[in-house]
Amino acid sequence: MKILKADLDGISNATNNSDYVALAVYAQQTVNDTQNAIQENDQYTVSPKLQDAQNEWRMALQDYNAAGQFLLQGANDAKNGTMGTEYFLNASISRNSGTEHLKNASELAGIT
């Protein structure tokens, strides 16, 4: 979670500064980090009580991964002088969905 937070903080800073080079870097890091986290998550078998929480966590990671991919495409378009508006919109939708899954995972795991 700390790694993902660092990625998202970097994305936020790059976005606030319209720094599309940095945005592309943090977006790629988000894609890489979430893919690694998904692979790690899939190695674990949890108790039946925590399976729903684990599934929500995986869906959150998938959504954050998609958001990173959309941001990367949008940042590359913006670097080339075309606005990646649709990509940025899709990234926002994916991020919001990921946040909802993260909240659900926390509630199901009793971490709220």
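The values are calculated or read from the model by the stated rules, or taken from the named source; none is laboratory data. Please read all numbers here as calculations on a predicted model, not as lab measurements. Cβ: placed from backbone, ideal geometry, glycine included. Neighbour counts: every protein chain shown. Note: accessible area is taken over every heavy atom of the protein model, side chains too, but ligands, DNA and RNA are not part of it. Shrake-Rupley method; radii C 1.70, N 1.55, O 1.52, S 1.80 Å.
Just a few scattered comments:
- Solvent-accessible area, 1.4 Å probe, carbon plus sulfur percent, for the chain: 51
- In a reduced charge model with +1 at each Lys and Arg Cβ and -1 at each Asp and Glu Cβ, the chain shows a dipole moment near 120 debye about its Cα centre.
- Eigen-decomposition of the gyration tensor built on the alpha-carbon atoms of the chain gives equivalent ellipsoid semi-axes of 29, 12, 11 angstrom, largest listed first.
- 3J(HN,Hα) along the stretch 99-105: 5, 5, 5, 5, 4, 4, 4 Hz, from the Karplus curve 6.51 cos²θ - 1.76 cosθ + 1.60 with θ = phi - 60°, whole Hz, x for Gly and Pro.
- FRET efficiency for the Glu40 to Asp19 pair, using the beta carbon distance and R₀ = 22 Å, is estimated at 0.15.
- For the peptides 67-76, 39-48, the ranking by mean Cβ contacts within 10 Å, running from highest to lowest, is 67-76, 39-48.
- All lysines inside 20 Å of Lys103 as judged from Cα atoms, apart from same-chain residues fewer than 8 positions distant: Lys2, Lys5, Lys49
- Helix 20-41 and the longest principal axis of the C-alpha atoms of the chain enclose an angle of approximately 20°.
- Calculated mean residue ellipticity at 222 nm for the chain: -29500 deg cm²/dmol, from DSSP H runs with n ≥ 4 weighted as -39500 (n - 2.57), summed, divided by the residue count and rounded to 500.
- For the stretch 80-112 versus the stretch 12-51, the inter-centroid distance based on Cα atoms is 11 Å.
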